[in-house]
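K.L.:
Could you have a look at this structure, given as structure tokens, before my questions?
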Amino acid sequence: MSSFMCSDKHIATIVNWSDEREFCGYNKQPRDFSQKAVTCQEMERLNLEALHVRYRDEMALPKPLDEWIKILRGLPNTARPGSAAAMAKLIGCFLYQCDESQAIRESITFTTMQGVEKTALIQAAGMKYDDAPWSI
């Protein structure tokens, strides 16, 4: 079994989809990406921590918030899969990549994403889950 780092696009797509459905309670001010950037940074940190736990290498630091804001602003609408099945699979991939320690599993971000995944799976009933991408 191996782990990998989810792409910036993968993480930002999950956060955008969650935001559009108001799962994470973001402030709805137009063009204010700061709260979403915090979530992206925390998801990246969990993924980096999981890789560190699995491979025992030096833990890298997540990108600064201003870099995440640039990524979020530059994400085209086409990078936002509207299918609940696609989102459930992307979130499942992220959770799988991060599932390396009890501390990670008990983090607020991990448990929040588990809840978002459950909601996406409920919404995906009857959709083609197997055809959705595992990673982007």
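The values are calculated or read from the model by the stated rules, or taken from the named source; none is laboratory data. As the structure is a computational prediction, the values presented were derived from the model and not from experiment. Because the Cβ atoms are built from the backbone with ideal geometry, glycine has one as well, and the counts that use them run over all protein chains shown.
K.L.:
Can G74 be described as more than 16 Å from the chain's Cα centre (by Cα), under 14 Å from A12 (Cα atoms) and not hydroxyl-bearing (S, T, Y)?
P.N.:
Working: more than 16 Å from the chain's Cα centre (by Cα): yes; under 14 Å from A12 (Cα atoms): yes; not hydroxyl-bearing (S, T, Y): yes.
So G74 passes the test.
K.L.:
Follow-up. Tell me, yes or no, whether the range 90-105 has at least one residue that is more than 20 Å from S3 (Cβ to Cβ) and either at pLDDT below 95 or touching a Pro at 6+ places or on another chain (Cβ under 9 Å) (or both).
P.N.:
First pass over the range 90-105, keeping only residues more than 20 Å from S3 (Cβ to Cβ): none.
No: zero hits.
K.L.:
What number of residues within the range 15-30 are at pLDDT 80 or above and either more than 13 Å from W68 (Cβ to Cβ) or loosely packed, with under 15 Cβ neighbours inside 10 Å (or both)?
P.N.:
Filtering the range 15-30 down to residues at pLDDT 80 or above leaves 15-18.
Narrowing the set further to residues that are either more than 13 Å from W68 (Cβ to Cβ) or loosely packed, with under 15 Cβ neighbours inside 10 Å (or both) leaves 17-18.
Here the count works out to 2.
K.L.:
Within the range 1-14, how many residues turn out to be modelled with pLDDT of 90 or more, surrounded by 14 or more Cβ atoms within 10 Å (Cβ to Cβ) and among the hydroxyl-bearing types (S, T, Y)?
P.N.:
Residues of the range 1-14 modelled with pLDDT of 90 or more: 4-14.
Right, trim to surrounded by 14 or more Cβ atoms within 10 Å (Cβ to Cβ) and you get 5-6, 8-14.
If we keep only those that are among the hydroxyl-bearing types (S, T, Y) as well, we get 13.
Total satisfying the criteria: 1.
K.L.:
Please enumerate the residues belonging to the range 122-136 that are within 10 Å of K89 (Cα to Cα) and loosely packed, with under 13 Cβ neighbours inside 10 Å.
P.N.:
Those that are within 10 Å of K89 (Cα to Cα) and loosely packed, with under 13 Cβ neighbours inside 10 Å: D130, D131, P133, W134.
K.L.:
Still on this structure, I have one more. Within the range 44-61, is there a residue that is of a type in the set (K, R), over 14 Å from the mean Cα position of the chain (by Cα) and farther than 17 Å from H10 by Cα?
P.N.:
Of the residues in the range 44-61, the ones of a type in the set (K, R) are 45, 54, 56.
Filter again for over 14 Å from the mean Cα position of the chain (by Cα), leaving 54, 56.
Next, only the ones that are farther than 17 Å from H10 by Cα stay: 54, 56.
Within the range 44-61 (the criterion being of a type in the set (K, R), over 14 Å from the mean Cα position of the chain (by Cα) and farther than 17 Å from H10 by Cα), the answer is yes, since at least one residue qualifies.
Yes/no per residue for (1) within 21 Å of S135 (Cβ to Cβ); (2) surrounded by 15 or more Cβ atoms within 10 Å (Cβ to Cβ); (3) free of Cβ contacts under 8 Å to residues at least 24 places away in the same chain; (4) in contact with a His (Cβ under 8 Å, 6 or more places away or on another chain):
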residue: L48; (1), (2), (3), (4): yes, yes, no, no
residue: P64; (1), (2), (3), (4): no, no, yes, no
residue: W68; (1), (2), (3), (4): yes, yes, no, no
residue: A86; (1), (2), (3), (4): yes, yes, no, no
residue: I91; (1), (2), (3), (4): yes, yes, no, no
residue: F94; (1), (2), (3), (4): yes, yes, no, yes
residue: S101; (1), (2), (3), (4): no, yes, no, no
residue: E106; (1), (2), (3), (4): no, no, yes, no
residue: A120; (1), (2), (3), (4): yes, yes, no, no
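K.L.:
Something else: Can you tell me how many residues within the range 37-62 are at pLDDT below 90 and touching a helix residue (DSSP H, G or I) at 6+ places or on another chain (Cβ under 6 Å)?
P.N.:
1
K.L.:
Further, regarding this structure: Being in a helix (DSSP H, G or I) and within 15 Å of E42 (Cα to Cα) is the filter here, so list the residues in the range 53-71 that pass it.
P.N.:
Within the range 53-71, the first condition is being in a helix (DSSP H, G or I), and the residues that meet it are 53-55, 65-71.
Of everything in the range 53-71, those that are in a helix (DSSP H, G or I) and within 15 Å of E42 (Cα to Cα) turn out to be L65, D66, E67, W68, I69, I71.
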